[in-house]
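Just below is one structure, and these are the notes that go with it.
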Amino acid sequence: MKKRALAMSMAVMMAAGALSGCARQTGTETSSAGSTAVEAQTTAAQTAESSGSPASTTITFWHSMGGVNGEAIDTLVTKFNKENTSGITVEAQYQGSYDDAINKLKSAQIGNMGADLVQIYDIGTRFMIDSGWVIPMQELINEDHWDLTQVEPNIAAYYTVNGNLYSMPFNSSTPILYYNKDIFTKAGITEIPDSLPGIVKIGDDLIGKGGAGVVISLGIYGWFFEQFTCKQQAQYADNGNGREEAATAVDFDKNGAGVKTLAAWKDLADKGYAPNVGRGGDAGLADFSAGKAAMTLGSTASLKQILNDVNGKFEVGTAYFPKVSDDDKGGVSIGGGSLWALNNEDPAKQQAVWEFVKFLVSPESQAYWNSQTGYFPVTVAAHNEAVFKDNIAQYPQFKTAIDQLHDSTPQSAGALLSVFPEARQIVETEIENMINNKGTPENAVAKMAESINKSIEDYNLINN
């Protein structure tokens, strides 16, 4: 009953998505030969299930990677299906956006259905832990005596709670600063700003001397707000950022991080350096790629798209995500998604899922994944693969992301929050209202905290 209540309540709280399923047509064979074949398959399946062997096992993998990212997943799945010697077949099914996938999962679980492996975005982590639907990845790791140090520690840290890795990192990214080298050179600026006040200091020169139409094309994005909090070494939520136990309230209104972030953001907007370009992580990319904005913030996974859109019109530079104040010492938190093993009480499928996960995070697979998508290779040894080295040589801007990741610490892993998707929408709404209506940072943060805390309270009331 708790799982049902949890899923139903979260389906309301989180962004609604398409709940359409993937129908599968099956045929039956009525001949005696067909019957014998079915009996043989059934016997083999029963034997595999009793032994926990993945032999002749089919597993379903739900993911949210479309376009070129989806093509890269299909290539990896095809390679695994062809090369594994355990008789495992993976059926990869695209579920739409991250919100679509998690809502589809809730609908399926309510109906006692589901995939065997599912890709979930970072902000769905607390919900998945609370759901009780999953086999913590740490259990599979321990059973196989698999060396977890193979995974980048600052990536694994986000998905680790109380010493247990709940899901396997797969498509991981951080935000970075993109800048137009041609505009900076024309303006005579050789030192790239590493803070929001630093951007303010060079704003006039970028416009007056560099010819920029906009200093920074800054999308209003909840993820950026969270990163600015990490940069201040401050917590977004209480109870150890929701990692010691489930959060009961946000903390950014009490520790001052929220007001500091919005005050610096408002200063950029009020001076005309960061006009409202819309909400979302990609909102600021168009003006930058068109050569209008001297800078933008975006995911490391956007690098190739930006380079394609710029198409040689100017030279693209990359730098660390900026601090809120010059003396901030914090790092950045991981975004993207991870792989969750669902508990379908089938030992054979569980083992098959683990074999497939190990393949996806192998150095070879991760080097290929990085080269095709721009996401980090989550496996340290992937850096030794020729494919990775060739990709860095072709896109040296990506080294900024690697260096920034390694310069961060697990203490900057970021928060886990049951209602994170809704919280991001609230944060974005209040930032936009502050910019458009000239409101105060203090008032905007107070409204954020009030709304998010109410959502947390409602969630905890239903599910505790």
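The values are calculated or read from the model by the stated rules, or taken from the named source; none is laboratory data. These numbers were taken from a predicted model, which means no experiment stands behind them. Heads up, the Cβs are rebuilt from the backbone with ideal geometry, glycines too, and the neighbour counts pull from every protein chain shown. All accessible areas refer to the heavy atoms of the entire protein, side chains included, with ligands and DNA or RNA removed. Shrake-Rupley method; radii C 1.70, N 1.55, O 1.52, S 1.80 Å.
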> Expressed as a whole number of Å, what is the distance separating the alpha-carbon centroids of region 78-141 and region 378-419?
Replying inline: 24
> If 82, 209, 266, 181 are ordered by their accessible area, calculated over protein heavy atoms with a 1.4 Å probe, which sequence runs from highest to lowest?
Replying inline: 82, 209, 181, 266
> What ranking of 313, 304 comes out by heavy-atom accessible area, probe 1.4 Å, highest first?
Replying inline: 313, 304
>> For region 248-298, take the convex hull of the Cα atoms, compute a quarter of its surface area, and give me that in nm², please.
In response: 4.5
> Around residue 416, what is the net charge, scoring Lys/Arg as +1 and Asp/Glu as -1 over all other residues with Cβ under 12 Å from its Cβ?
Replying inline: -4
> For region 344-402, what is the accessible area per residue in Å², given a 1.4 Å probe and the full set of protein chains?
Replying inline: 39
>> Using only the alpha-carbon atoms, what does region 309-464 span along each of its principal axes? Please give whole angstrom values in decreasing order.
In response: 54, 52, 31
>> What distance in nm lies between label points placed 7 Å from Cα along the C-beta direction at residue 85 and residue 460?
In response: 5.3
> Relative contact order for the chain using alpha-carbon pairs under 8 Å, separation at least 6, rounded to a whole percent?
Replying inline: 25
> Per residue, what accessible area does region 123-215 have, given a 1.4 Å probe and all protein chains present, in Å²?
Replying inline: 37
>> Let me cross-check residue 158: its accessible surface, 1.4 Å probe, with only protein heavy atoms counted, in Å² to the nearest 10?
In response: 10
> Using a ≥ b ≥ c from the Cα gyration tensor of region 218-328 (square roots of the eigenvalues), is it rounded, prolate or oblate, where a/c under 1.5 gives rounded and otherwise the larger of a/b and b/c decides, a/b for prolate?
Replying inline: prolate
>> Tell me the volume per residue, in Å³, of the convex hull enclosing the alpha carbons of region 210-255.
In response: 96
> For region 105-206, what is the Kirkwood estimate of the hydrodynamic radius, computed as the reciprocal of the mean inverse distance between distinct Cα atoms, to one decimal in Å?
Replying inline: 17.6
>> Rounding to the nearest 10 and keeping the result within 0 to 90°, find how far the Cα-based axis of helix 67-83 lies from the longest principal axis of the chain.
In response: 30
> Past the 22 Å Cα-Cα mark, which pairs from 201/323; 82/389; 266/454; 323/399; 231/399?
Replying inline: 82/389; 266/454
> Please state the Cα pair-distance histogram of the chain with 20 angstrom bins from zero: what percent is in each bin?
Replying inline: 23, 54, 20, 3, 0
> Round to a whole number: what % of the accessible area of the chain belongs to carbon and sulfur, probe 1.4 Å?
Replying inline: 48
>> Tell me the net charge near residue 360. Cut-off is 14 Å between Cβ atoms, residue 360 excluded, with +1 for each Lys or Arg and -1 for each Asp or Glu.
In response: -3
>> Given all pairs of different Cα atoms, what value in angstroms does the Kirkwood hydrodynamic radius of region 379-464 take?
In response: 16.7
